[in-house]
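Here is the structure we will look at.
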Amino acid sequence: MTNAQPERSFIRLDKWLWTARFYKTRAIAKDMINGGKVHYNGQRTKSSKNAEVGAKIRLRQGHDDREIIVLQLSGHRQSANVAQTLYEETPESISKRIINAEARRLNILNNPAPDHKPDKKQRRQIMRFKEYSAPKE
């Protein structure tokens, strides 16, 4: 067995996410859970929820959405190699992450920067457009 052997059969979700190294601190993990960025078995949850083996967790990490399955519980933060044994990422999640990473690399998801600044005529057109599209009071 690994050093990630649990000393008890339950652990808070925010502590497990911190232990599994999804977030740098427990406070960040708690904020992400309370902000609705983490779903436990398909539903929003609280940070005090007990994590269980076999649970499906969907979380936001940086630009990526991950879907993982809890394999082990641990209350101690250890090396990244040990932390990766605590969960398994679903194949759909891995493929989505790869596709989104490639799209970000090619700058498809973000609006590309224009090649040049607008000239005087284009600035006037932009101002007129904003003026007409602004809500009237």
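The values are calculated or read from the model by the stated rules, or taken from the named source; none is laboratory data. Please read these numbers as outputs of a predicted model, since none were measured by experiment. All Cβ positions, glycine included, derive from the backbone under ideal geometry; neighbour counts span all protein chains shown. Ligands, DNA and RNA are stripped out before the accessible areas are found, and what is left, the full protein with its side chains, is counted by its heavy atoms. Shrake-Rupley method; radii C 1.70, N 1.55, O 1.52, S 1.80 Å.
By a straight-distance test (C-alpha under 26 Å), which lysines pair with LYS130 as possible cross-link partners, with residues fewer than eight away in the same chain excluded?
Excluding near neighbours in sequence, the set is LYS117, LYS120, LYS121.
Beyond 14 Å, how much of the Cα-Cα pair distribution for the range 10-95 remains, as a whole percent? Can you show the working numbers first?
Numbers: 2133 of 3655 pairs.
In whole percent, the long-distance tail amounts to 58.
Amide H to amide H, which residues 5 or more places from ALA55 or on other chains are under 5 Å from it, using H placed in the peptide plane?
VAL70
For the chain, calculate the relative contact order in percent as a whole number, restricting contacts to Cα pairs under 8 Å that are 6 or more residues apart.
Details: 181 pairs, mean separation 30.1, N = 137.
This gives 22 percent for the chain.
Would you mind getting the accessible area per residue of the chain, heavy atoms of the protein chains only, 1.4 Å probe, in Å²? Don't jump to the answer; show the numbers that get you there.
Working: 9970 Å² over 137 residues.
Here the residues of the chain average 73 Å² of exposed surface.
At 1.4 Å probe size, put MET32, MET127 in order of accessible surface, largest to smallest. Don't skip to the end; give the middle numbers.
On the way: MET32 45, MET127 130 Å².
The most accessible residue leads, giving MET127, MET32.
Angle between the Cα long axis of helix 120-133 and the longest principal axis of the chain, 0 to 90 degrees, nearest 10?
The angle comes out near 70 degrees.
Just to make sure I understand: if all protein chains stay in place, what is the order of ASP119, ASP31, ASP64, ASP14 by accessible area at 1.4 Å, largest first?
Details: ASP119 80, ASP31 105, ASP64 30, ASP14 5 Å².
I get ASP31, ASP119, ASP64, ASP14, largest accessible area first.
Between ASN81 and HIS116, take the C-beta separation as r, use R0 = 41 Å, and let me know the FRET efficiency to the nearest 0.05.
Efficiency, rounded to the nearest 0.05: 0.25.
Tell me, what % of the accessible area of the range 1-101 is carbon and sulfur with a 1.4 angstrom probe? List each step's numbers first, then the result.
Values: 2970 of 6010 Å².
Of all accessible area on the range 1-101, carbon and sulfur atoms account for 49 percent.
Leaving out same-chain residues fewer than 8 places away, which lysines sit with a Cα under 19 Å from that of LYS37?
Qualifying lysines at Cα under 19 Å: LYS15, LYS24, LYS46, LYS49, LYS56, LYS96.
Could you compute how much accessible surface ARG123 exposes when probed at 1.4 Å, giving the result in Å² to the nearest 10?
120 Å²
Go ahead and run the numbers for FRET between HIS63 and ARG21, Cβ-Cβ distance against an R0 of 22 Å, rounding to 0.05.
Details: r = 17 Å, r/R0 = 0.79.
With R0 = 22 Å, the Cβ-Cβ based efficiency is 0.80.
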